[in-house]
Amino acid sequence: MPDSFIVLPRTPKRIGIAADHEGYKLKEQLTKMLHEDTYEVIDFGDHQLNSEDDYPDFVVPLGRAVANAEVDRGIAICGSGVGACIAANKVAGVRACMIHEEFSARQGVEDDDMNVICIGSRVLDQTTAWELVTIFLASRFSGAERHCRRLAKVTVLENTPLK
């Protein structure tokens, strides 16, 4: 298995979280719930409600922390989840996906080694967001040869300059 694909032997405990103004309230709610569930949470911001902030300012540092294994997994939140997902996936080593249903929250980790979940605060209520986050955090990459082979191809793509 390539070094960049690590099967976590335990539940991830150090979780990074980031949100812009649209996701700020949900980020605060999820952070509280993660703490109550004994996770260590690293908050990449925004640290106050600011209608002028921009999701890349918080999501990119979160993505870098995930890629550098400073946190086990990441949660990125904006209004739709789309912008956060686009920004997160610009960081090499991040495998982020916008998730709004249970199957993909689990399968994205098991098959694709997803390490950042992106959610939309305007799309999901707090209860559903928490359910998806808990599924994401409980899931493990299978390490199956076919999945490792596919991920290795993705790694080559992200490390190949455009022509």
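The values are calculated or read from the model by the stated rules, or taken from the named source; none is laboratory data. Remember, it's a predicted structure, so these values are computed and weren't measured experimentally. Note: ideal-geometry Cβ built from the backbone for every residue, glycine included; neighbour counts use all protein chains shown. Heavy atoms of the whole protein, side chains included, go into the accessibility calculation; ligands, DNA and RNA do not. Shrake-Rupley method; radii C 1.70, N 1.55, O 1.52, S 1.80 Å.
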Checklist entry - When the residues of the stretch 1-40 are filtered to those that are β-branched (Val, Ile, Thr) and at pLDDT 90 or above, which remaining residue is most open to solvent (accessible area, probe 1.4 Å)? => result THR38
Next on the checklist: One residue is enough: does the stretch 134-157 have a residue meeting the conditions surrounded by 23 or more Cβ atoms within 10 Å (Cβ to Cβ) and either in a loop (DSSP other than H, G, I, E, B) or out of contact with any Ser or Thr (no Cβ under 7 Å at 6 or more places or on another chain) (or both)?
Outcome noted: yes
Item to check | Qualifying position, being within 16 Å of SER121 (Cα to Cα) and either surrounded by 18 or more Cβ atoms within 10 Å (Cβ to Cβ) or at pLDDT below 95 (or both), among ASP54, ASP46 | outcome: ASP46
Checklist outcome for this item: Going through (1) out of contact with any Cys (no Cβ under 7 Å at 6 or more places or on another chain); (2) open to solvent by 50 Å² or more (accessible area, probe 1.4 Å) one by one, MET98 fails only at (1)
